[in-house]
Amino acid sequence: MGTVHARSLEPLPASGPDFGALGEEAEFVEVEPEAKQEILENKDVVVQHVHFDGLGRTKDDIIMCEIGDVFKAKNLIEVMRKSHEAREKLLRLGIFRQVDVLIDTCQGDDALPNGLDVTFEVTELRRLTGSYNTMVGNNEGSMVLGLKLPNLLGRAEKVTFQFSYGTKETSYGLSFFKPQPGNFERNFSVNLYKVTGQFPWSSLRETDRGVSAEYSFPIWKTSHTVKWEGVWRELGCLSRTASFAVRKESGHSLKSSLSHAMVIDSRNSSILPRKGALLKVNQELAGYTGGDVSFIKEDFELQLNKQLILESVFSASLWGGMLVPIGDKPSSIADRFYLGGPTSVRGFSMHSVGPQSEGDYLGGEAYWAGGLHLYTPLPFRPGQGGFGELFRTHFFLNAGNLCNLNYGEGPKAHIRKLAECIRWSYGAGIVLRLGNIARLELNYCVPMGVQRGDRICDGVQFGAGIRFL
């Protein structure tokens, strides 16, 4: 989408600096080699003017924040690089359909001999846009309809309405998004939503009606999100055969919580990474700002990826979490952790590990799960360089445990209980990467360490999702 053009200037020779950062779409118009080559390599240039063609409702101040570095360029190479970077920043705002860049020698009475003009030719998005697509979650799929009002007030604000109908969840919501000019990673959003979900492993139906406000910002190599959420929750039984423990949880509750999330992600891909690491840490405090639900909740996710010989990749993952109720009221089934299924401890049915009552799984207040994986190209490399590159052979070893803790016993007793009755599994299969959207797994699983009440999937297991152990 879009090109970087340079008029009346000779491109670099084959032995010159690398222009890979400009992208494959960069174009340079050739002219006489000897006359202008010195401009590229030995002469300083000055960006005298930056023009915009095609602006309508977009305000000047947010544009200036994104293109300010172009004026700092000292030679043509820097002008091209910084112009391309500015183009990427403009597209990231989500308010332009297309952005092209034109670099030309400066014209006019005030033109300097080494002066350049940079022109951004932009096409703004329409005031109202719509979308229809499908989404893949963790072992579920959904159809999503959306309406969007981009650049509502001229500074990259966005209002979005979205309706989602899925296999286990139906939701609709209205959101407002506002980035900080010149720093898109710093942004503020407000959301109104209603979500109705079905959880057959617990014979539970849950309807949430809520409002949330969150602020996201970067610090060094980390990304942070601070969030307040107020939600009215309605729990009910999914079937007449629901256990008494689930029926007892039925009814209404009001949760008001403050949460913080920190992410460090150096992976080259979030779906099927070949290298890099991921660390996610989440904290939530409920009850301090009101409501009738009170707890402290902490969980984390760690993933390490290392590329080996023959395009093989070794991956190690570790998840863990703990929920501590505040006061005499026990934790809710809607707030606890769940474990098991093709996206966590493979070889067990979806969320069918740990405390249960009459076949309904109630979740736990503490858990851990770990996995070791080896991904290799398909044997004999069918479709090499094409469709076959989306597939990988998968060997895995998973383990984990989910339980409730007596918080008066101390840390040693907690660790001892989490180390008891460990569920684990091993197996092999095939992974299919669906672009950067999701991935599918078809594995043959051998569950081990099965405890009474656990529901297993011994043999072939299919999984689809975006987050895998």
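The values are calculated or read from the model by the stated rules, or taken from the named source; none is laboratory data. For clarity, every value in this text was computed on a predicted model and none was experimentally measured. No Cβ is skipped: glycine too gets one built from the backbone with ideal geometry, and neighbour counts run over all protein chains shown. With ligands, DNA and RNA removed, areas are computed over all heavy atoms of the protein, side chains included. Shrake-Rupley method; radii C 1.70, N 1.55, O 1.52, S 1.80 Å.
Would you grab the residues whose amide H sits under 5 Å from the one on LEU378? Only those 5+ places off in sequence or on another chain, please, with H modelled 1.01 Å from N.
Amide H neighbours of LEU378, under 5 Å, 5+ apart: THR393.
Could you name the lysines whose alpha carbon sits less than 17 Å from that of LYS194, not counting residues in the same chain fewer than 8 places away?
The qualifying lysines are LYS168, LYS255.
With label points built 7 Å along Cα→Cβ from the Cα atoms of LYS248 and ILE264, find their separation and express it in nm.
Once both label points are built, they end up 4.2 nm from each other.
Tell me which lysines have Cα within less than 21 Å of LYS275's Cα, excluding those fewer than 8 residues away on the same chain?
Once the sequence-local lysines are set aside, what remains near LYS275 is LYS221, LYS306.
If amide hydrogens are placed 1.01 Å from N in the peptide plane, which non-local residues have theirs closer than 5 Å to the one on SER269?
Counting only residues 5 or more places away or on other chains, the set is ARG274, LYS275.
Please turn the phi angles of the range 325-336 into ³J(HN,Hα) values with the Karplus equation 6.51 cos²θ - 1.76 cosθ + 1.60 (θ = phi - 60°), one per residue in order, whole Hz, x for glycine and proline.
Taking θ as phi minus 60°, the curve returns x, 10, x, 8, 6, x, 5, 8, 4, 7, 9, 6 Hz for the range 325-336.
Need one number: % antiparallel among DSSP beta bridges in the chain, to the nearest 5.
Restricted to the chain, the bridges split so that about 95 percent are antiparallel.
Tell me the per residue accessible area of the range 126-246 using a 1.4 Å probe; a whole number in Å² is fine.
That works out to 55 Å² for each residue.
When the accessible area of the chain is split by element with a 1.4 Å probe, what percent falls to carbon and sulfur?
Ligands and nucleic acids excluded, carbon and sulfur give 58 percent.
Among the lysines, which have Cα under 20 Å from the Cα of LYS43 when same-chain residues fewer than 8 positions away are ignored?
LYS43 reaches LYS72, LYS74, LYS82.
How much area per residue is accessible in the range 417-469 when the probe is 1.4 Å and only protein heavy atoms are counted (Å²)?
In whole numbers, the range 417-469 has 53 Å² accessible per residue.
Can you list the HN-Hα couplings for the range 143-151, worked out from phi with the Karplus curve (6.51, -1.76, 1.60; θ = phi - 60°), rounded to whole Hz and with x for Gly and Pro?
9, 10, 10, x, 10, 9, 10, x, 6
Top to bottom by accessible area (1.4 Å), largest first, where do SER239, SER344 land?
So the residues, ranked largest to smallest area, are SER239, SER344.
Hey, which of these cross-link pairs are over 25 Å Cα-Cα: LYS59/LYS148; LYS89/LYS158; LYS329/LYS417; LYS227/LYS412; LYS297/LYS329?
LYS227/LYS412
In units of 2.2 N^0.38 Å, what is the alpha-carbon radius of gyration of the chain?
So the Cα radius of gyration is 1.20 times the expected 2.2 N^0.38 Å.
When the solvent-accessible surface of protein heavy atoms is calculated with a 1.4 angstrom probe, in what order do ARG247, ARG155 fall, highest first?
Correct descending sequence by accessible area is ARG247, ARG155.
Residue-wise, which Karplus ³J(HN,Hα) couplings in Hz belong to the range 105-113, taking 6.51 cos²θ - 1.76 cosθ + 1.60, θ = phi - 60°, and x for glycine or proline?
Running phi through 6.51 cos²θ - 1.76 cosθ + 1.60 with θ = phi - 60° gives 5, 6, 10, x, 5, 8, 5, 8, x Hz.
Mind giving me the nanometre distance, one decimal, between the label points for ARG57 and PHE188, set 7 Å out from Cα along Cα→Cβ?
Between ARG57 and PHE188, the label points sit 2.1 nm apart.
Please list the non-local residues whose amide H lies under 5 Å from the amide H of GLN98, H modeled 1.01 Å from N, same-chain partners needing a gap of 5 or more.
Long-range HN contacts for GLN98: THR123.
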